[in-house]
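One structure below.
Nothing in this text is a laboratory measurement; each read-out follows from the coordinates by a stated rule. These numbers come from a predicted model, not from an experiment. Ideal geometry is used to build each Cβ from the backbone, glycine not excepted, and the neighbour counts take in all protein chains shown.
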Amino acid sequence: MNRRAGLERRVVVGTDGSERGSEAVRWAIIETRARGARLEVLLVRPKEDLPPGTSFARGPHGRAPIQDGRPMTDQVTKICEQLAADIVIEASVRTGDPASELLAAAHGADLLVLGSPPEGPLGQLAFGSVAAACVRHATCPTVLVSPRAAHRFSPSSP
């Protein structure tokens, strides 16, 4: 890969806090360590569709709204400890359109990693649009990690 002198290698991983998101984070940590890069973990919370202040308001797809990045940061730290990965990680939470935010974060990156959409027509319809938009418009290689295949390919895997 051609790199200009002085530019740091960078991998961006998007997660939504799901099991598929966790597998993408785990794969990205292994890949980042193998590349000698730094990792940016990004959780994008969509703008709330319901009026603020309603006690029953929930985020899209029945998830409770994310107030801060603490659970995500704890999850990433735990995975790093399990893998004994000593890498530089920057974790952040953004609010906006998930595909747009992920694409902006991945601009100039070496790799964008996402969890694969759930299988089946409903999963593809509800969740596949973010992954599809990222694959179509990313300016760097994009990897979709499925839970079944997460451990089958990585430079650091035996």
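Remarks
- The ranking of Ile87, Ile30 by Cβ neighbour count inside 10 Å, starting from the fewest, reads Ile87, Ile30.
- Arranged from fewest to most other beta-carbon atoms within 10 Å of their beta carbon, Thr32, Thr15 become Thr15, Thr32.
- Each label point was placed 7 Å from the Cα along the Cα-to-Cβ direction; for Ser92 and Arg9 their separation is 2.2 nm.
- Environment charge at Ala37 (Cβ cut-off 10 Å; Lys +1, Arg +1, Asp -1, Glu -1): +1
- When Val88, Val113 are sorted by how many other C-beta atoms sit within 10 angstrom of their C-beta, beginning with the fewest, the order is Val88, Val113.
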